[in-house]
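Just below is one structure, and these are the notes that go with it.
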Amino acid sequence: MAVWSAPGKVFLFGEHAVVYGKPGIAMGIKPRVYVTVRKTRHPPRVKSPYLEMCFEKMGVNGSVYIHSQLPSSSGLGSSAAVTVATLSAINDEFSLGHSRDDIAHLAFQVEKEVQMGRASPTDTYVSTFGGIVLIMGGTKRRLPPQDFHLVIGNTMVSHSTAKMVEQVATFREEDPNIVNPILDAIEAVTLKSMHVFNDHRSLGRYMDINHELLEALGVGHPSLTRLVMAARSAGAYGAKITGAGGGGSMVALCPKRSKSKVAGAIEGCDGKAITTTIDTEGARKESEDDRKHTGKAGR
Ligand code: PMV
């Protein structure tokens, strides 16, 4: 039996613009997905296409049990975390000898195939390695870790990343003179943000600008607007949509002392608040006798 876990992620800057080769900045967050894999002679039938594809790519068969701290379809990278943790646990249980780079690469292939080609390597890379990552074109660069105090607000309105990406693509085809300058402005905000990572007040201001630009791209939602406004009024340095939008989650950068007030304001607007910080570990082997994460096998 092998137990592995992998973290979720938030986009701090640049979602949607990354689809067009612009820079994006994403960060691993504390909530994790825990996966237990066991060699079994007669594995139960697989229920999730992600899990099925993980076993197929690794060329083995076994049973899998998942325990997740991440809500699904909420823009926090839960499918990537499941995929990364499952591949890592299979690799360990069957002694396949894949490196961390191999796992990140395979996880991206799994996501891309299951999501019919609509996946960027962001979620799987961040979930594998943790930390803060700058994604630009095909390249990924790890940025120095930062002690950000974040409150995530899940609107509980489920969204489809593929649908939102397509919506932006259609808007861009119809109105390139409107959409391209918005994408350029998101790029400028993302690049500028890297110079003020230590100045959380300025960073928050850039998050606010990024949010308004995402609204202009048409990926806002009334429930996201409510949570963003509530977080700002409760003392956040800045707040924005994180991920594809149209529902899903927002993220607020907060002074340490304001975290619980911001979380309360989000809950007061019917959002589900998650107070969190950076994860720097990425995929991690868990102790096998930690009963909390292992549970009963079956998939
Ligand atoms: O909602 P999420 O976490 O899947 O984020 C999507 C981010 C996009 O930039 C819209 C798409 C992508 O693949 O990068």
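The values are calculated or read from the model by the stated rules, or taken from the named source; none is laboratory data. Computed from a predicted structure; not experimentally measured. Cβ atoms come from the backbone with ideal geometry, glycine included; neighbour counts cover every protein chain shown. In case anyone asks, the SASA skips ligands and DNA or RNA and just uses the protein heavy atoms, side chains included. Shrake-Rupley method; radii C 1.70, N 1.55, O 1.52, S 1.80 Å.
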**Asked** Within the group Ser73, Ser48, Ser99, which residue is among the small types (Gly, Ala, Ser), under 16 Å from the mean Cα position of the chain (by Cα) and either away from the ligand (no atom under 16 Å from the Cβ) or open to solvent by 20 Å² or more (accessible area, probe 1.4 Å) (or both)?
**Response** Ser73
**Asked** Does segment 276-295 contain any residue that is within 16 Å of the ligand (Cβ to nearest atom) and modelled with pLDDT of 95 or more?
**Response** yes
**Message:** Tell me whether segment 78-86 contains one or more residues that are touching a Gly at 6+ places or on another chain (Cβ under 9 Å) and over 28 Å from Ala252 (Cα atoms).
**Reply:** no
**Asked** When you look at Lys30, is it touching a strand residue (DSSP E or B) at 6+ places or on another chain (Cβ under 9 Å), of a type in the set (D, E, K, R) and open to solvent by 10 Å² or more (accessible area, probe 1.4 Å), yes or no?
**Response** yes
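Yes/no per residue for (1) open to solvent by 50 Å² or more (accessible area, probe 1.4 Å); (2) within 16 Å of the ligand (Cβ to nearest atom); (3) at positive phi:
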{"site": "Val151", "(1), (2), (3)": "no, no, no"}
{"site": "Ile186", "(1), (2), (3)": "no, yes, no"}
{"site": "Glu215", "(1), (2), (3)": "yes, yes, no"}
{"site": "Val219", "(1), (2), (3)": "no, yes, no"}
{"site": "Ala234", "(1), (2), (3)": "no, no, no"}
**Asked** Does Glu187 qualify as being assigned to a helix (DSSP H, G or I) and in contact (Cβ under 8 Å) with a residue 12 or more places away in the chain?
**Response** yes
**Asked** Does Glu166 qualify as being on the phi < 0 side of the Ramachandran plot, in the same structural domain as Tyr237 (by TED's automatic domain parsing), at pLDDT 95 or above and within 16 Å of the ligand (Cβ to nearest atom)?
**Response** no
**Item:** Failed item, numbered, when Asp92 is tested on (1) closer than 30 Å to Lys256 by Cβ; (2) over 22 Å from the mean Cα position of the chain (by Cα)
**Value:** (1)
**Complete:** Restricting attention to segment 51-70, the residues that are open to solvent by 20 Å² or more (accessible area, probe 1.4 Å) and more than 16 Å from Leu106 (Cα to Cα) number exactly 6
**Request:** Determine which single condition Val157 fails, assuming it passes every other condition in (1) within 18 Å of Thr242 (Cα to Cα); (2) part of a loop (DSSP other than H, G, I, E, B); (3) at pLDDT below 90.
**Result:** (3)
**Complete:** Those residues of segment 76-89 which are open to solvent by 20 Å² or more (accessible area, probe 1.4 Å) and among the aliphatic types (A, V, I, L, M) amount to Val82
**Prompt:** Which residue pairs have Cβ atoms closer than 8 Å, lie 6 or more positions apart in sequence or on different chains, and pair a first residue in segment 111-131 that is more than 9 Å from the ligand (Cβ to nearest atom) with a second residue that is acidic (Asp, Glu) and in a loop (DSSP other than H, G, I, E, B)?
**Reply:** Gly130/Asp279; Gly130/Glu281; Gly131/Asp279
**Item:** Residue list for segment 204-223, restricted to those being farther than 15 Å from Ile178 by Cα, touching a residue at least 40 places away in the same chain (Cβ under 8 Å) and in a helix (DSSP H, G or I)
**Value:** Gly204, Tyr206, Met207, Asn210, Ser223
**Prompt:** Restricting attention to segment 6-22, does a residue exist that is outside any loop (DSSP other than H, G, I, E, B), closer than 28 Å to Leu96 by Cβ and away from the ligand (no atom under 11 Å from the Cβ)?
**Reply:** yes
